[in-house]
1. Among the residues of the range 7-27 satisfying the criterion of being under 12 Å from the mean Cα position of the chain (by Cα) and touching a residue at least 60 places away in the same chain (Cβ under 8 Å), which is nearest to I61 (Cα to Cα)?
2. I'm trying to understand the selection: among the residues of the range 43-70, which are over 20 Å from T26 (Cβ atoms) and among the small types (G, A, S)?
3. Taking the range 28-41, which residues are at pLDDT below 90 and either on the phi > 0 side of the Ramachandran plot or surrounded by 10 or more Cβ atoms within 10 Å (Cβ to Cβ) (or both)?
4. So how many residues does the range 22-69 have that are under 14 Å from K81 (Cβ atoms) and part of a helix (DSSP H, G or I)?
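The values are calculated or read from the model by the stated rules, or taken from the named source; none is laboratory data. If you're wondering where the values come from, they're calculated on a predicted model, not measured in any experiment. So basically every Cβ, Gly included, is an ideal-geometry build from the backbone, and we count neighbours across all protein chains shown.
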Amino acid sequence: MFVHPGQIDEVLARFPEVTRYQAVVTRKGHDDDLLLRVETHSREAPFGMDEAILGALRASIKLRARLEYVPDGTIPEGAKKILDQRTWT
C-alpha cells in the first residue's frame, strides 16, 4: 500500500504538540514495519497521545505503525518525511 506524506501531515496536524516527524519503513522477514518518529514541544507526550495518534493514523492510512518520541533536533530540518530503509534482494 502506498502512503503519501500528505496523509501523515493531515493526521499529525490534529496534534499541535508534534513539531516534526519522520516515518521510517523497514522490512522484517516478509512484513513491512512502519515506525513513526515524532518530536514534541515537551520531553514527554501528554497522557493518551500515543493511542490517539496511532488510532488516527490507522484510520487514515489503514496501516499499523509503532510510535517513538525523539528529542527536539533529532530529525533534521528538511529530512524526508518518509524514509524507506527496505532492501530488496
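1. I8
2. Those that are over 20 Å from T26 (Cβ atoms) and among the small types (G, A, S): A45, G48, A52, G55, A56, A59, S60.
3. Those that are at pLDDT below 90 and either on the phi > 0 side of the Ramachandran plot or surrounded by 10 or more Cβ atoms within 10 Å (Cβ to Cβ) (or both): G29, D32, T40, H41.
4. Start the filter on the range 22-69 by keeping residues that are under 14 Å from K81 (Cβ atoms), which leaves 22-25, 34-39, 57, 61, 65.
Next, from what is left, pick out any that are part of a helix (DSSP H, G or I): 57, 61.
Count: 2.
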